[in-house]
Amino acid sequence: MTVKEIVAAVKAQRPEITSVFFVGCGASMAELYPGKYFLEARAKKLRASIYTANEFNYSTPSSVDASAIVVTCSLSGTTPETVAASKKAMELGATVISVTHIDGSPLALASHYQIIHGFEKNYAAKMEKMTNVLALAAEILNTYEGYADYDAMQDGLSKIYDIIENAASTVLPAAKKFAVDYKDMPILYVMSSGATTKVAYSFSSFLMMEMQWVNSSSFSDGEFFHGPFEMVDKDVHYLLLMNDGPTRPM
């Protein structure tokens, strides 16, 4: 089913939805964040929140019930905590939409609806998870409240993968130079804001610490002068991921 078909089916079964929860672990949780950020910024009635899966399991919000949509996400569809969160949300009566690369995976089976995304084809395909979740958020908002910029959003989504692929190829030389120049850095601080806040978190925690074994930390650039600034020194490295959204002046 397409995102549009999924939300239409949910609406037919649940005419009134008040809450949307985004649940995952690690990079998958981070890639849910733009959808949550969008709904939080644009919805007037719908409440949106994001949880790492085990926090959702151990401290489940009281509003997870028949009036909620819970979006769970795992690339492989086998992350135990996320599968458990999906099952718990279903048991509590919520409508559960899973986002995964593997159809028939445990996560896919523990949900009412599934968004199956690509991954291997190219760099743009690796962004299908995040893009599909953003499209889902826009569809939920338009269906339950109306969204004045819905058509513009659909136009943008239709063009985004070519833009991503072009951007990735354009930045590759600079990325290689960065890797060579700073491969021995003792720590990298990564900062961003707005919809890309969790991109900084993901870059720091998973691309740096998990994959490169480089010490790293992330924070909102709105916090730079409220603590992190004290660590600035000629031998300390910072990476700013600057988005083009409303928080760009930060």
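The table below lists the values:
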{"quantity": "Net dipole in debye of the chain [+1 Lys, Arg Cβ; -1 Asp, Glu Cβ; about Cα centre; nearest 20]", "calculated": "300"}
{"quantity": "Euclidean distance between Cα centres, the range 84-99 to the range 1-46, Å", "calculated": "13"}
{"quantity": "Degrees between helix 26-42 axis and first principal axis of the chain (Cα, 0 to 90, nearest 10)", "calculated": "70"}
{"quantity": "Charge-dipole axis of the chain as Lys and Arg at +1 and Asp and Glu at -1 on Cβ define it, positive-most pick from 247, 56, 30", "calculated": "56"}
{"quantity": "Contact order relative to length of the chain, as percent, for alpha carbon pairs under 8 angstrom and 6 or more apart", "calculated": "17"}
{"quantity": "Reachable lysines, given that their alpha-carbon falls under 22 Å from the alpha-carbon of residue 177 and they are not under 8 places away in the same chain", "calculated": "234"}
{"quantity": "Heavy-atom surface of the chain, accessible at 1.4 Å and reported per residue (Å²)", "calculated": "53"}
{"quantity": "Formal net charge of residues neighbouring residue 205 (Cβ-Cβ distance under 13 Å; K, R +1; D, E -1)", "calculated": "-1"}
{"quantity": "Set of aspartates and glutamates with alpha-carbon distance to residue 11 below 16 Å, sequence-local pairs under 8 removed", "calculated": "65, 139, 145"}
{"quantity": "3J(HN,Hα) from dihedral phi, the range 195-210, Karplus parametrisation 6.51/-1.76/1.60, rounded to Hz, x for glycine, proline", "calculated": "5, 9, 4, 7, 5, 5, 4, 5, 4, 5, 6, 10, 5, 8, 5, 6"}
{"quantity": "Cut-off under 5 Å, modelled amide H: who pairs with residue 50 long-range", "calculated": "22"}
{"quantity": "Longest DSSP-loop-exposure-free segment, GluC sites (Glu not before Pro), the chain, at most 16 other Cβ within 10 Å", "calculated": "146-250"}
{"quantity": "Accessible carbon and sulfur surface of the range 1-78 relative to its total accessible area, %, 1.4 Å", "calculated": "51"}
{"quantity": "Percent accessible area from carbon and sulfur atoms, the range 202-250, protein chains only, probe 1.4 Å", "calculated": "59"}
{"quantity": "Net length gained if the chain between residue 60 and residue 163 were fully extended (0.36 nm per residue, minus Cα distance)", "calculated": "33.3 nm"}
{"quantity": "Prolate/oblate/rounded label for the range 50-171 (Cα gyration tensor, a/c 1.5)", "calculated": "oblate"}
{"quantity": "DSSP loop trypsin sites (Lys or Arg not before Pro) with at most 13 other Cβ within 10 Å excluded, longest remaining stretch of the chain", "calculated": "46-120"}
{"quantity": "Members of 129/183; 121/183; 36/176; 4/45; 4/129 lying beyond 25 Å, as alpha-carbon distances in this model show", "calculated": "129/183; 121/183; 36/176"}
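The values are calculated or read from the model by the stated rules, or taken from the named source; none is laboratory data. Nothing here was measured: the structure is a model prediction, and the numbers come from that model. Heads up, the Cβs are rebuilt from the backbone with ideal geometry, glycines too, and the neighbour counts pull from every protein chain shown. These area figures cover heavy atoms from the full protein model, side chains too; ligands, DNA and RNA do not enter into them. Shrake-Rupley method; radii C 1.70, N 1.55, O 1.52, S 1.80 Å.
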